[in-house]
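**Q** Sharing a structure, written as structure tokens. Questions coming.
The values are calculated or read from the model by the stated rules, or taken from the named source; none is laboratory data. Quick caveat, the model's predicted, so the values are computed rather than measured. Glycine also receives a Cβ, built like all others from the backbone with ideal geometry; neighbour counts cover every protein chain displayed. Note: accessible area is taken over every heavy atom of the protein model, side chains too, but ligands, DNA and RNA are not part of it. Shrake-Rupley method; radii C 1.70, N 1.55, O 1.52, S 1.80 Å.
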Protein chains: 2
Amino acid sequence: MPNFTKEDCFADLKLRILTTDLAPGSALDEVTLAAHYGLSRTPLREVLQRLAGVGYITQAENRGSKVASMDIGTMRTFFQTAPMIYANIASLAAENRTAAQLDALKSAQLDFTRETAKGDASAAALSNHRFHALIGEMAQNPYLTASLDRLLIDHTRLSQTFYRPASPAESVLIKKAADQHDAMISAIEAHETALAIDLTLQHWDLSRDRLERFVRPDPLPVDVVSLKDRRNAI
Amino acid sequence: MPNFTKEDCFADLKLRILTTDLAPGSALDEVTLAAHYGLSRTPLREVLQRLAGVGYITQAENRGSKVASMDIGTMRTFFQTAPMIYANIASLAAENRTAAQLDALKSAQLDFTRETAKGDASAAALSNHRFHALIGEMAQNPYLTASLDRLLIDHTRLSQTFYRPASPAESVLIKKAADQHDAMISAIEAHETALAIDLTLQHWDLSRDRLERFVRPDPLPVDVVSLKDRRNAI
DNA sequence: TGTGCACATTTTGTATACATTCAGCGAGTC
DNA sequence: GACTCGCTGAATGTATACAAAATGTGCACA
């Protein structure tokens, strides 16, 4: 598939990483990728460097590139850090957003609702990513944006399963998330910083519950009798 | 000056940017730099990409690289953002620091006091940078570290004049900063997170006063008589 | 004097050939 | 039988030649 531009390649690799089409920790072969995108190795390597700079991949001298891993340790810090950064970003966004940025945000939200309705899980996850990245742009704070972008990478990868509703109860949660998005848009549009923070933290709580269940899933149903036996055995 | 390794080149460019030997906004010519470091353009370009990824420089398609600028707009967000990130980093550092990291921190502080005593301003600024970057490593939080590193770039560049004491009063401030460093080390060593936060915010207050005076310097002494004339003229 | 255009120069982007490093594997030795 | 050593292949790292883009310059012309 020849004649991808460097920018296309960059965007496509980001997508494939966010959707875990490229699994965390998996190795990236330069010649394979270069051939795939119809680029020579030099520009492809530049794409990889840039991806490394934004936290999508990691590189080791003489040992190539890997998709950024998601070990249990960084998951802990993820849950620690996300609400603080999200809230501050939301506040700054409500303060500094431009009209054009607001339009883009509304458009991303339209995509999001459309794709959740269709049940297109990975597309919905990507729209959600774009929604929150746009709020990051609104904040106009390059320092915090650096944190936010990294958080969103892991957030999106973790939430891959979220938008694939398994039960009616989960469909309700997805609907709730979309409603929260709408409320956030209103708050940002009205420059209501305190409200934006509040809504963002509520949105985070919803997200966190679901993500934590993914990281540490509900225990499997067990045979009560044999469980009792094991307990006695200890 | 041939036979620099890529890593050397990376480190040296960081230094020259932090000391404003390479001024904010100044253009970086690839062939000149490549010749200077004895590298060919390919690896040099990779160094530049990495520097761009960490926020030291900016790159524009077909238009080369520039040292990251320090416009008045980002300065505002700098003062907004720094205390929050610094405080959170300090708290996490006090929680997670290893013994080896503590040793490195103490060593950086030794360098710092030695260089301020010698009056070596740019060396002192770099040691100070290293001191705070090490606290960042202790935090073990890749998300926040991304913000911190960017903040420290601008912080160090802004503080270039700080360690070149103009008046005895300023020497006292430098001494105070060094004392605060010592107190922070103790707090981190003792895992006292609350104290570490407190000390960090005090340290920031000291820093901020001095930095703001640099951004918006004290008015020059004026001839009172002619000043009165001008006032009447308005 | 000022404006616009074409050309020349400089600088960046790309492809490719070559060098180096690393990992796996087998033969030889203790 | 286990270990070391060295070979081999496959990957990454580097240099350089060439292509494309952008900037600057000189000149013609209004």
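**Q** Sum -39500 (n - 2.57) across every DSSP H segment of at least 4 residues in chain A, then divide by the residue count to get the 222 nm mean residue ellipticity, nearest 500. Please report the intermediate quantities before stating the final value.
**A** Details: 10 runs with 171 residues, N = 234.
Calculated from helices alone, the mean residue ellipticity at 222 nm is -24500 deg cm²/dmol.
**Q** Further, regarding this structure: Using a 7 Å offset from the Cα along the Cα-to-Cβ direction at both A:His191 and A:Val31, what is the distance between the two label points in nm, to one decimal?
**A** 6.0 nm
**Q** Students sometimes get this wrong: rank B:Leu110, B:Leu92, B:Leu195, A:Leu173 by accessible area, probe 1.4 Å, all chains present, largest first. Present the calculation step by step, with values, prior to reporting the outcome.
**A** On the way: B:Leu110 110, B:Leu92 20, B:Leu195 75, A:Leu173 45 Å².
Listed by decreasing accessible area, they come as B:Leu110, B:Leu195, A:Leu173, B:Leu92.
**Q** What pairs in B:Lys66/B:Lys176; B:Lys14/B:Lys106; B:Lys66/B:Lys106; A:Lys6/A:Lys106 have C-alpha atoms more than 24 Å from each other? If you can, show how the numbers build up before the last one.
**A** Numbers: B:Lys66/B:Lys176 35 Å; B:Lys14/B:Lys106 22 Å; B:Lys66/B:Lys106 34 Å; A:Lys6/A:Lys106 29 Å.
Over 24 Å Cα-Cα: B:Lys66/B:Lys176; B:Lys66/B:Lys106; A:Lys6/A:Lys106.
**Q** Suppose R0 equals 35 Å. What FRET efficiency, 1/(1 + (r/R0)^6) with r the Cβ-Cβ distance, do B:Gln80 and B:Ala166 give to the nearest 0.05?
**A** 0.80
**Q** As a test of reading the structure, rank A:Thr161, A:Thr156 by solvent-accessible area (1.4 Å probe, protein chains only), most first. Numbers along the way, then the final one.
**A** Numbers: A:Thr161 45, A:Thr156 5 Å².
Final ranking, largest accessible area leading: A:Thr161, A:Thr156.
**Q** Right, something else. 7 Å along Cα→Cβ for the label point: how many nanometres lie between B:Ala194 and each equivalent label in the other copies, listed shortest first?
**A** B:Ala194 label point versus its equivalents elsewhere: 2.7 nm.
**Q** Solvent-accessible area of B:Glu212, probe 1.4 Å, all protein chains present, reported in Å² to the nearest ten, please.
**A** Here the residue's solvent-accessible area equals roughly 70 Å².
**Q** What gaps in nm, shortest first, separate B:Thr5 from its twins in the other copies when you place the label 7 Å past Cα toward the beta carbon?
**A** Distances between equivalent label points, in nm: 3.9.
**Q** Which of rounded, prolate or oblate describes segment A:81-159 when judged by the alpha-carbon gyration tensor and an a/c cut-off of 1.5? Write down the numbers at each step before the final one.
**A** Numbers: a/c = 2.70, a/b = 1.32, b/c = 2.04.
Note, shape of segment A:81-159 comes out oblate.
**Q** While we're on this one: Accessible surface of B:Arg76 in the full protein assembly, 1.4 angstrom probe, to the nearest 10 Å²?
**A** Accessible area of B:Arg76: about 150 Å².
**Q** Rounded to the nearest 100 Å², what's the accessible area chains B and A bury against each other, both chains counted, probe 1.4 Å?
**A** On the way: alone 12790 and 12820 Å², together 23370 Å².
Interface between B and A: roughly 2200 Å².
**Q** Here's another thing I want to ask about it. Leaving ligands, DNA and RNA out of it, rank A:Arg213, B:Arg114 by accessible area with a 1.4 Å probe, largest first. Don't jump to the answer; show the numbers that get you there.
**A** Details: A:Arg213 90, B:Arg114 130 Å².
Result of the area sort, largest leading: B:Arg114, A:Arg213.
**Q** Then there is this: For B:Val54, what charge total do you get from the other residues with a beta carbon under 9 Å from its beta carbon, if Lys and Arg give +1 and Asp and Glu give -1? The partial results should precede the final answer.
**A** Working: positive: B:Lys14, B:Arg50, B:Arg150; negative: B:Asp149.
Counting the neighbours of B:Val54, the net charge comes to +2.
**Q** Further, regarding this structure: Which residue, A:Ile72, A:Ile185, A:Ile197, tops the fluctuation ranking in a GNM of chain A built on C-alpha contacts under 10 Å?
**A** Residue with maximal mean-square fluctuation among A:Ile72, A:Ile185, A:Ile197: A:Ile72.
**Q** Here is a further query. Going by the alpha-carbon gyration tensor, a ≥ b ≥ c the square roots of its eigenvalues, is chain B rounded (a/c under 1.5) or, if a/c is not under 1.5, prolate (a/b greater than b/c) versus oblate? All intermediate terms of the calculation are to be shown ahead of the outcome.
**A** On the way: a/c = 1.77, a/b = 1.08, b/c = 1.64.
Oblate is the answer for chain B, as a/c is 1.5 or above yet b/c matches or exceeds a/b.
**Q** Let me ask another. May I ask you to report, in nm to one decimal and beginning with the shortest, the distances from B:Asp21 to the same position in the other copies, taking label points 7 Å along Cα-to-Cβ?
**A** Values, ascending and in nm: 4.5.
**Q** Shifting gears a bit: Just to be sure I understand: chains B and A are related by a rotation, so which residue of B has its Cβ closest to that axis, and how close in Å?
**A** Here the nearest residue and distance are B:Gly53, 1.
**Q** Let me ask something else about it. Please identify, among B:Ser167, B:Ser186, B:Ser159, the residue showing maximal mean-square fluctuation in a Gaussian network model of chain B using a 10 angstrom Cα cutoff.
**A** The residue with the greatest mean-square fluctuation here is B:Ser167.
**Q** So, one more: Can I get the semi-axes of the protein assembly as shown's equivalent ellipsoid? Compute them from the C-alpha gyration tensor as square roots of 5 times the eigenvalues, in angstrom, largest first. List each step's numbers first, then the result.
**A** Details: eigenvalues 332, 163, 141 Å².
Whole-Å semi-axes of the equivalent ellipsoid: 41, 29, 27.
**Q** Then there is this: For segment B:6-67, what's the relative contact order in percent, using C-alpha pairs closer than 8 Å and at least 6 residues apart?
**A** Working: 57 pairs, mean separation 25.8, N = 62.
It rounds to 42 percent for segment B:6-67.
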